[in-house]
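See below for the structure under consideration.
The values are calculated or read from the model by the stated rules, or taken from the named source; none is laboratory data. None of these values were measured; they are calculated from a predicted model. Because the Cβ atoms are built from the backbone with ideal geometry, glycine has one as well, and the counts that use them run over all protein chains shown.
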Amino acid sequence: MAPKLEVVSVVDAVIADLRRRMFSGDLPPGAPLTEATVAATYDVARTTAKAAIESLVGERLLVRNAHKTARVVTLDADDVRDVYRTRSLIEGQVVRTLADQKRVPDAARLALDEMHALADADPERIVAPDMRFHRALVDALGSARTSRAYEALASEVVLCMSHVQGAALLPTADIVSEHEEILRRIVDGDAAGAAAAVHDHLGRASDRLAALVEIRAAETR
């Protein structure tokens, strides 16, 4: 049987590559992004470029005031803390529910296995399986509304995670160990412990990234 290929539109392909470039730092915070630039870079129509930019504004990866050029979002320390706080509220309750059922989704185990395999790799490579791990837990709740609420945060979450790993703020071994602890608590049926493990894991990343953002902001004043 021939493999099934995923077909994406030109707009989606442009969005995906712009998103990748923002996460990698190729398009840094504050960088302007015009329809003309996007159209020329990807050899697409201006209407396609406009649609891509509007989509990324909706994801809050780009910001644009009325009649102004869109720019890559610049997260301040309060933004960072709020993203992680919101994650903690959602994920903390999710793991409590999963622990009550002693249920670990297979997708979370697979993502953790992939993180193990990347223990000695470039820290930024762990971002994708890390995000899959957390998404798997949320989706395992079986609530379409909760998954949609989490998905609304997804781009900002990955942007924060990319900054954390890009600056090597957390050792990969520690990240893997913290994910193992979350699953261990769920398997043990320790709802309070699972929630605490999630809060501690996200709190460390939040504190370190917020501190880095504050330092960099002070340096540019």
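From the residues in the range 134-146 that are more than 11 Å from the chain's Cα centre (by Cα) and assigned to a helix (DSSP H, G or I), which one is farthest from Arg103 (Cα to Cα)? Among residues in the range 134-146 that are more than 11 Å from the chain's Cα centre (by Cα) and assigned to a helix (DSSP H, G or I), the one farthest from Arg103 (Cα to Cα) is Arg145.
Residues are listed down the side, and each one gets a yes or a no for (1) crowded, with 16+ Cβ neighbours inside 10 Å; (2) charged (D, E, K, R):
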| residue | (1), (2) |
| --- | --- |
| Thr146 | yes, no |
| Met161 | yes, no |
| Pro171 | no, no |
| Asp174 | no, yes |
| Ile182 | yes, no |
| Ala195 | yes, no |
| Ser206 | yes, no |
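Look at the range 121-145: where a residue is without any contact (Cβ under 8 Å) to a residue 60 or more places away in the chain and a partner is among the small types (Gly, Ala, Ser) and loosely packed, with under 15 Cβ neighbours inside 10 Å, sitting 6+ places away or on another chain with Cβ atoms under 8 Å, you get Pro123/Ala168; Met131/Ala154; Arg135/Ala154. Being at pLDDT 95 or above, surrounded by fewer than 12 Cβ atoms within 10 Å (Cβ to Cβ) and more than 21 Å from the chain's Cα centre (by Cα) is a description that does not apply to Ala40. Out of the residues in the range 57-100 that are small (Gly, Ala, Ser) and closer than 24 Å to Val138 by Cα, state the one that is farthest from the chain's Cα centre (by Cα). Across the range 57-100, the extreme among qualifying residues is Ala99. Summed over the range 86-110, residues that are part of a helix (DSSP H, G or I) and free of Cβ contacts under 8 Å to residues at least 40 places away in the same chain total 4.
On the stretch given as the range 33-77, residues that are without any contact (Cβ under 8 Å) to a residue 24 or more places away in the chain and not β-branched (Val, Ile, Thr) total 15.
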